[in-house]
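Let me begin by presenting the structure, written as structure tokens, before commenting on it.
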Amino acid sequence: MKKYEFNHSKNNTIHHQEDTNLNFEKHLHTNLEFIHVYDGELVVDCEDRIYTLRSGDSSLILPNELHSYTTTKFSKSYLCVFSQDFVNSFNGIFINSNHSIQFSNPVFSNLKVSDIYEFKQTDCFYLKKSFLYKVCSFAISAGYNRVNKKNDRLSSIILDYIHLNYSKKINILDLSKKFNYNHKYLSSCFSCNLGINIVDYLTLVRLYNAQKDLRNSTESITQIALNNGFGSIRNFNRCFKEKCNISPTEYRKNPILGQLDLNY
């Protein structure tokens with residue numbers, strides 16, 4: 001099962017995470033993701049390229065790259081997910097292009113643990129930017145290649161549009177008119193890059209937000225369904241039961257049972 005991490009249009013966001021024996025299934029997002037191994041070994045699968053990070057090694061995952069982490073025996077690691085606006089100049093390498101870049105060597109060993117610790121502790125915006133640009137420079141120092149990934153920029157635009165408009169009526173024909181692409185090509189790009197079709201992805205986004213409303217509001221289930229883009233309570237109940245293996249009413253009583261395994 002892949003994970004689709006939602007809502008990555010917020011600026012100046014940084015997520016820090018330290019793990020022992022990290023295992024995280026395939027997922028993607030529109031942020032950049034930096035991983036450093038303190039100790040042990042961590043296997044990274046990024047766009048079907050598999051490599052092993054050992055003590056002192058780091059790697060940088062680019063936006064819209066499908067990736068996973070696996071610990072076979074033992075690992076201690078630090079992970080940082082950060083928004084693209086921290087490194088706008090670096091973004092110029094790969095945005096506004098119908099091609100993706102792929103690092104020639106995705107593993108680098110230039111960073112010091114003391115630099116990571118200082119980065120985690122500082123409140124200074126410019127020190128944060130300085131560190132993240134350093135990460136990017138190390139990652140790209142081995143060179144990169146242009147790869148023919150099918151218009152991932154278009155997929156990213158569709159992702160952002162869905163996250164902002166999931167409560168409205170959306171269909172593939174409307175999307176094709178809005179972005180001036182043939183609907184078959186648009187569907188093919190999205191499915192190729194994300195491994196899920198647009199309709200199923202949109203449904204997941206709507207259900208995920210509906211679950212948040214069921215947990216955090218006292219609105220009726222019918223109103224929650226309508227607020228999140230479902231045309232009818234019948235369709236909402238059907239989709240909810242199909243994806244969550246529980247009804248909305250049952251979920252509201254015990255949300256642990258049917259929680260969608262998605263990150264927002």
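The values are calculated or read from the model by the stated rules, or taken from the named source; none is laboratory data. As the structure is a prediction and not an experimental result, all values here were calculated from the model. Ideal geometry is used to build each Cβ from the backbone, glycine not excepted, and the neighbour counts take in all protein chains shown.
Among the residues of segment 159-194, those identified as among the charged types (D, E, K, R) and either over 16 Å from the mean Cα position of the chain (by Cα) or outside any helix (DSSP H, G or I) (or both) are LYS168, LYS169, ASP174, LYS177, LYS178, LYS184.
Here is a yes/no grid of residues against (1) under 28 Å from HIS67 (Cα atoms); (2) in contact with a strand residue (DSSP E or B) (Cβ under 9 Å, 6 or more places away or on another chain); (3) of a type in the set (A, V, I, L, M):
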{"residue": "LEU164", "(1), (2), (3)": "yes, no, yes"}
{"residue": "GLY231", "(1), (2), (3)": "no, no, no"}
{"residue": "ASN237", "(1), (2), (3)": "no, no, no"}
{"residue": "PHE240", "(1), (2), (3)": "yes, no, no"}
{"residue": "SER247", "(1), (2), (3)": "no, no, no"}
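Is it the case, given these coordinates, that ILE246 is among the hydrophobic types (A, V, I, L, M, F, W, C) and under 21 Å from ASN165 (Cβ atoms)? So ILE246 fails the test. At least 2 residues being out of contact with any Leu (no Cβ under 8 Å at 6 or more places or on another chain) is the threshold, and among the strands (runs of 3 or more DSSP E) wholly inside segment 31-139 those reaching it are 32-46, 49-54, 75-82.
Being surrounded by fewer than 21 Cβ atoms within 10 Å (Cβ to Cβ) and modelled with pLDDT under 95 is the filter here, so list the residues in segment 31-49 that pass it. If the condition is that a residue be surrounded by fewer than 21 Cβ atoms within 10 Å (Cβ to Cβ) and modelled with pLDDT under 95, then ASP45, GLU47, ASP48, ARG49 are the ones that fit.
Pairs meeting the criteria (first residue in segment 177-188 and surrounded by 13 or more Cβ atoms within 10 Å (Cβ to Cβ), second residue in a helix (DSSP H, G or I) and of a type outside the set (A, V, I, L, M), beta carbons under 7 Å, at least 6 apart or on different chains) are HIS183/SER176; LEU186/SER176; LEU186/PHE179.
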